Amino acid sequence: MILITGGAGYIGAHTNKILNQAGYDTVVVDNLSKGYENFVKWGSFENCDVGSHDLREVFEKYDIDGVIHFAAFSSVAESVEMPQMYFKNNYKNTLNLLQTMREFGVDKFIFSSTAAVYGSPENIPITEETDLKPINPYGHSKFITEKALEREAEKGDFNYVSLRYFNAAGCDFDCEIGEFHDPETHLIPLVLDAAIGKRDSISIFGDDYDTPDGTCIRDYIHVNDLAEAHVMAYEYLCDKKQSDVFNLGNGKGYSVREVIEMCKKVTKKDFEVKIDERREGDPAVLIADSTKIKKDLGWNPKYGLEEIVSSAWKWHEKVNGF
Ligand code: UDP
């Protein structure tokens, strides 16, 4: 059985669905601080904090073979406001999880890492060899957790795969689960809020970056492509019994303006686009070189920006009662 921490959240819930479709048994552990119990539609559910002693009861109750660890806070802006909370939740709680895994002899671990561990790299696309220089507490909390994993693996009887996500977006094509953050800070759901009339306009955070249209470029990856990579990474750990780190992105960058245009095209709605100040800590361009995961795991993204936006729009219409 696979234990999924944070399986009631956005990426965790999509991965839980895909794991169950692939025939795995799962148990979701989530304290519902950011997740939603009705996103846990597959496998078992335990309401438990990954940082608590109660976690041991979950390991006693289920026969756990491996852990996929999503439970974390993931807002850069919030991490700047509350760095301690990010280090405690993302780093310290992971140590409790690792300790518990040791106690119960569980040796396979998949970690949700992030492109934020690279900071603002000069060379694009970003390979796994790029220096790790996080520029905000969120990226830093993931960076030091990766270091803890390296050390844990050196000790033996433990292997991990760390997946450095670029911009996760899009939703389950059946609309059973989707993206829901409170407050929402991500570009695509905010643009879709404007399309559906929940907001008057969308603001572009800076149009004076050194990019072709002046707006930031990101690598958007469909959440199901991300989820699929977790299944492959788990199978890799079972077969190869070795630790590794992989970037996870489409390898194609889209500017904020291009994303907004795609949203207008898919939704067939028009809305006001404003230019606002730059958002602190936003690098101009983040694009993944995902050659390594394609070569070593045989992973290939299936979906592009249009499918990302159309699946997100379908979910958006559903939750907003259309
Ligand atoms: N962005 C924007 N307006 C918004 C929200 C986001 O212009 O209302 C930009 C943001 O500055 C970044 C890109 O959209 O360049 C993606 O931001 P998001 O928060 O979705 O993901 P991040 O790249 O921060 O992980």
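Rounded to the nearest 10 degrees, what's the angle between the helix 223-240 long axis and the longest principal axis of the chain, both from Cα atoms, 0 to 90?
So the inclination is approximately 30 degrees.
Quick one: length gained pulling GLU103 to ILE135 fully straight, 0.36 nm per residue minus the C-alpha distance?
Numbers: separation 32, 0.36 × 32 = 11.52 nm, distance 3.44 nm.
Once the chain is fully extended between GLU103 and ILE135, it gains 8.1 nm.
Under a no-solvent Debye model with one identical scatterer per Cα of the stretch 206-305, what's log10 I(q)/I(0) at q = 0.14 Å⁻¹?
Scattering profile of the stretch 206-305, log10 relative to I(0): -0.67.
Would you mind checking the tilt of helix 187-196 against the longest principal axis of the Cα atoms of the chain, expressed as 0 to 90 degrees and rounded to 10?
So the inclination is approximately 50 degrees.
Subtracting the Cα-Cα distance from 0.36 nm times the residue separation, let me have the gained length for VAL273 to LYS155 in nm, one decimal. All intermediate terms of the calculation are to be shown ahead of the outcome.
Numbers: separation 118, 0.36 × 118 = 42.48 nm, distance 5.28 nm.
Once the chain is fully extended between VAL273 and LYS155, it gains 37.2 nm.
Past 32 Å, Cα to Cα, is the threshold; run LYS108/LYS318; LYS133/LYS240; LYS147/LYS265; LYS265/LYS302 against it and keep the listed order.
Numbers: LYS108/LYS318 37 Å; LYS133/LYS240 29 Å; LYS147/LYS265 43 Å; LYS265/LYS302 21 Å.
Correct reply: LYS108/LYS318; LYS147/LYS265.
What is the percent carbon and sulfur in the accessible area of the stretch 1-75, measuring with a 1.4 Å probe over the protein chains and ignoring ligands? Can you show the working numbers first?
Values: 1210 of 2920 Å².
Carbon plus sulfur share of accessible area: 42 percent.
Kindly provide the helix-only [θ] at 222 nm of the chain, computed as the sum of -39,500 (n - 2.57) over DSSP H runs of four or more divided by all residues, to the nearest 500 deg cm²/dmol?
The helix contribution divided over the chain gives -11500 deg cm²/dmol.
How far is it, in nm, from the label point at GLU261 to the one at HIS186 when both lie 7 Å from their Cα along the line to the Cβ?
Output for this residue pair reads 2.3 nm.
In the stretch 206-231, which residues have a backbone nitrogen under 15 Å from the label point lying 7 Å from LYS252's Cα in the Cα-to-Cβ direction?
Hits in the stretch 206-231 for LYS252 at 15 Å: 218-223, 225.
Need the full-extension length gain, ASP213 to LYS92, defined as separation in residues times 0.36 nm minus the C-alpha distance. One decimal, nm.
Stretched out fully, the ASP213 to LYS92 stretch lengthens by 39.5 nm.
Treat each spin label as a single point 7 Å out from the Cα along the C-beta direction, and report the MET82 to SER203 distance in nm.
Between MET82 and SER203, the label points sit 2.2 nm apart.
Post the alpha-carbon centroid distance, the stretch 36-74 to the stretch 231-264, in whole angstrom.
24
Could you sort out which of LYS17/LYS61; LYS41/LYS268; LYS92/LYS155; LYS88/LYS241 sit more than 25 Å apart by Cα distance in this structure? Could the numbers behind the result be given before it?
Numbers: LYS17/LYS61 22 Å; LYS41/LYS268 32 Å; LYS92/LYS155 19 Å; LYS88/LYS241 29 Å.
Too far apart for the 25 Å limit: LYS41/LYS268; LYS88/LYS241.
How big is the chain along each principal axis, measuring the range of its Cα positions in Å and listing the largest first?
Result, largest extent first: 55, 43, 38 Å.
Between LYS240 and ILE144, how high is the FRET efficiency from 1/(1 + (r/R0)^6) when r is the Cβ-Cβ distance and R₀ = 35 Å? Nearest 0.05. Don't skip to the end; give the middle numbers.
Numbers: r = 25 Å, r/R0 = 0.73.
The value I calculate is 0.85.
The values are calculated or read from the model by the stated rules, or taken from the named source; none is laboratory data. Please read all numbers here as calculations on a predicted model, not as lab measurements. Ideal geometry is used to build each Cβ from the backbone, glycine not excepted, and the neighbour counts take in all protein chains shown. Side chains included, ligands, DNA and RNA excluded: accessible areas come from the protein's heavy atoms. Shrake-Rupley method; radii C 1.70, N 1.55, O 1.52, S 1.80 Å.
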